[in-house]
1. So which of T79, T41, T52, T68 ends up being without any contact (Cβ under 8 Å) to a residue 60 or more places away in the chain and either in the same structural domain as D165 (by TED's automatic domain parsing) or among the β-branched types (V, I, T) (or both)?
2. Could you run through the range 353-382 and say how many residues are in contact (Cβ under 8 Å) with a residue 40 or more places away in the chain and either among the β-branched types (V, I, T) or under 16 Å from A291 (Cβ atoms) (or both)?
3. Here are D260, D266, D299: which of them is modelled with pLDDT under 90 and in the same structural domain as A351 (by TED's automatic domain parsing)?
4. Residues in the range 324-358 that are farther than 16 Å from R382 by Cα and of a type in the set (D, E, K, R): how many?
5. Are there any pairs, at least 6 apart or on different chains, whose C-beta atoms fall under 6 Å, with the first in the range 190-202 and over 12 Å from A228 (Cβ atoms) and the second crowded, with 24+ Cβ neighbours inside 10 Å and not aliphatic (A, V, I, L, M), and if so, which?
6. Scanning for something modelled with pLDDT under 95, among the acidic types (D, E) and in a helix (DSSP H, G or I), does the range 213-230 turn up at least one residue?
7. Can you pull out the residues in the range 391-417 that are among the hydrophobic types (A, V, I, L, M, F, W, C), closer than 22 Å to C370 by Cβ and assigned to a loop (DSSP other than H, G, I, E, B)?
8. For the range 189-214, which residues satisfy the criterion of being more than 16 Å from P178 (Cβ to Cβ) and not aliphatic (A, V, I, L, M)?
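The values are calculated or read from the model by the stated rules, or taken from the named source; none is laboratory data. Please read all numbers here as calculations on a predicted model, not as lab measurements. Here the Cβ positions follow ideal geometry from the backbone for every residue, glycine too, while neighbour counts run over all protein chains shown.
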Amino acid sequence: MVLIGVLLLALAAQAPDPARALIDEISSLAAGEPPILGIDTQIAAAKALGRTRRSDAFTMLDAALARTAGIPETATRGTLTVRIAEVLVTLDPGRAEEVCATLPRHTQGYDMADVLAVCSVTVTRQVKDWPEQLATARRFWARGAVDSPLAGELLSRAKEKHPEDADALFASVIDALPPDATQAEIDRYLEDIQGHGTAHPALSRAGLEKAYRAINTPAGYARFVQVAERIAPDLVETYADRLKRYRDVKPEKKEKQKKDEESASDPDISKLSFEEALALGREQKRGIDKAVVLVELLDREDTPEARRGPLALEALEASTKAKPSDDRLIVQSMLTRRLWVFGLKEEAGKAASMLEESFELLCRCRDATCDSLNERQDCAERVMDFAEYLHENDLKAEDLGLTHRSLRARMLILELDTLLNGKRQKGFFG
């Protein structure tokens, strides 16, 4: 029996590891991708590897960190560091905190306080032990990570479940405002005082005085008056000479983003006949609107089978008239699959090539110069979205004539994820 056990162990040790080849190929592909896409590949692979293959996950994240350190643009470097920490925290919260600690509040004239704050929330929320969670939060606050909802969340939790810690925690929050606080940090600080300060009058008063000394804008003084009148109204009188002009000033509100003309609502064809809907679609001035109507017609039961192929090709042509955008990517990805289902393999390959071109027009990310997330924030995600779409519909990139390195890497990540963790949920194009 012992001999049989030894033989079984030996055979198991010699058995091929189906994940190993995938991991090695993903690593090789990532190394040859443009920086923004390659780092994202390593992060996504590490997430798929997770706790199942911890050592390999750490290797991927270490490679992503090393490459991120060489990114010249501060904002991009900070954002990618946070993304790495977000995956790393599930494996080792201590290491994730160390990664966040590499983010300075300010560097080369660029304000990184909000990025540091996001990193602090990402890590601290994953710490389940309450005393250690408090200790983690305090360490981040000591580094200046204060512009986040973390303090408010912890104060609310302390009030509900750990009232014995409420006073000390609120004192830590009051101490956390840095001398060079930004207006956003002061606003968050005042928000925490307003929400929790009535239970701590002395500390709140000290915090308000601290905030007052840091404020240097009319909007900041207006916000101070609003909070102080509720928590410590005598302070408004103490500083009346400066504050009287702000009593009736309402704090600034962020302007709502203007609605992009490209996001106009699609024509409603649900109650129209096929011919009426087709006519309405062809009347649309914008290429994307025409394409959307035609794609919708493709899925209707009353659409003649003989018309589906020509409609798909007409929609594809219309999509090329749209500016590079998510809408254009979605339409072309849907058409790729439909043309394939219709048996128009050559046309499906053409649609896939157009999709690849649309991605390049939108993201401009072909080589080592693609090292900034500026106007490319969603580009890596869109490659993964299309990879998921192909994966879910049992389409292979090579069948469509696609050789995009980043798409290949993500198809392998999905294969690895399925192997290790089971079926993924549907993505953006699902």
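1. Values: T79 fails: without any contact (Cβ under 8 Å) to a residue 60 or more places away in the chain; T41 fails: without any contact (Cβ under 8 Å) to a residue 60 or more places away in the chain; T52 fails: without any contact (Cβ under 8 Å) to a residue 60 or more places away in the chain.
Testing whether each residue is without any contact (Cβ under 8 Å) to a residue 60 or more places away in the chain and either in the same structural domain as D165 (by TED's automatic domain parsing) or among the β-branched types (V, I, T) (or both) leaves just T68.
2. Total meeting the criteria: 1.
3. Selected residue: D299, the only one of D260, D266, D299 that is modelled with pLDDT under 90 and in the same structural domain as A351 (by TED's automatic domain parsing).
4. Qualifying residue count for the region: 6.
5. H200/F170
6. Yes, some residue in the range 213-230 is modelled with pLDDT under 95, among the acidic types (D, E) and in a helix (DSSP H, G or I).
7. L402
8. Scanning the range 189-214 gives E191, Q194, G195, H196, G197, T198, H200, P201, S204, R205.
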